Structure formats: structure tokens, C-alpha cells
Amino acid sequence: MKKTRKITVIGMLTALYFVLSALLKIPVAGNIKLDLGYIALAVGAVYLGAFPAAFIGACGVLIESMLMSQRGIAFGWIAMNAIVGFACGRVLVSTPYTPPARFWLKAAAVVILSMLAGVAVKTVIDCVLYGLAPAVKIPTALVAWILDSFVMLVLGIPISLALKKRLKKLF
């Protein structure tokens, strides 16, 4: 893929991440929401690889927290999305053409483990920066881990694979 096209696609997916994440969060309970921005992150991970996916996730969150958040920049969430994007992009970019059973096994493992690592890093950063007690943050972090993994596995990766024919022209 030409560099200009790749940069354009990364920018479009970053903007899509922002739009989906900022405007289309589905409330589940209290302050917990399904973040549909992970769909754009999954597309970036499957088709562009580790560094572009990390950039899409981190910059999408940075833009959202700068424009939409009342608390300022969410450093923990930026780190989390960079970890998830990098890990998923590293594993999933080379596997969309492998047999389906093997692909889904790899996808489930990398999404669940990278989300867990990302949520752990986010929790530590939030506890340190905002002076929160871990006992307060951990329950919501575990729920976020489950919901974010769900969005990426049930919506993000299937949509990425469904778009394979359309995106093949770009890539």
C-alpha cells in the first residue's frame, strides 16, 4: 500500500474511532458503557498491523478526551488502547486468511489477554494520577475488560472480516 493511502486510512479510522466512541456509546449500567470505537480499532488491527492500530486507538482516545471529557486527557485509557491496538495488530494482521477456527482462537486469545493487560495498566495509571483506591477502581475495570473484549470480538472483528472484499481494494 502506498504511504499516502495508508496514512489516509489511518486518519479515517482514527476519526471513525472518535465518532463511534464519543457519540455511540451504549449505556449498560451506571457509568459503564459499550464503547463502539473498538470496531475501528479492530479494523485497523486486522488490516494495518501493530503500530497503526496502536496509533488509531491512542489518538482516537486522545481526541475524544480532549474534546469530550470534563476531566481532561485520559492517559490510562490512551495507554490501554495503545497496548490493545499493538497486541491485536501484531497477531491479527497476518491471520485473516488462515483457517477460521485457528483465526478465531488467536483472535479470542489476543483480544482477551491484551484487554486484560490494557485494563490493568489503565487501572494503575488512574489510581496513581487521580489518587483512587484500587479497591474502588478494580470492579469497574473488570467490567470494562469484559465489555470491551465483547465489543471487539463480537462486533469489531466480524465487521472487519465482513468488510474484507471492500477493504481489499484499499489494501
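If I filter segment 81-108 down to residues being more than 16 Å from LEU155 (Cα to Cα) and small (Gly, Ala, Ser), which single residue comes out as modelled with the lowest pLDDT? Across segment 81-108, the extreme among qualifying residues is SER94.
Of all residues in segment 89-118, those that are surrounded by fewer than 17 Cβ atoms within 10 Å (Cβ to Cβ) have Cβ atoms under 6 Å from Cβ atoms of residues that are modelled with pLDDT under 80, 6 or more apart or on another chain, in LYS106/THR95. Listed conditions (1) within 13 Å of VAL46 (Cβ to Cβ); (2) in contact with a helix residue (DSSP H, G or I) (Cβ under 6 Å, 6 or more places away or on another chain) are all met by LYS137, apart from (1).
Restricted to segment 110-171, the set of helices (runs of 4 or more DSSP H) holding at least 1 residues that are of a type in the set (S, T, N, Q) and within 28 Å of LEU48 (Cβ to Cβ) comprises 134-150, 157-162. The set of residues in segment 119-145 that are surrounded by 14 or more Cβ atoms within 10 Å (Cβ to Cβ) and touching an Asp or Glu at 6+ places or on another chain (Cβ under 8 Å) comprises VAL119, LYS137.
The values are calculated or read from the model by the stated rules, or taken from the named source; none is laboratory data. As the structure is a prediction and not an experimental result, all values here were calculated from the model. Neighbour counts run over all protein chains shown; Cβ positions are idealised from the backbone, glycine included.
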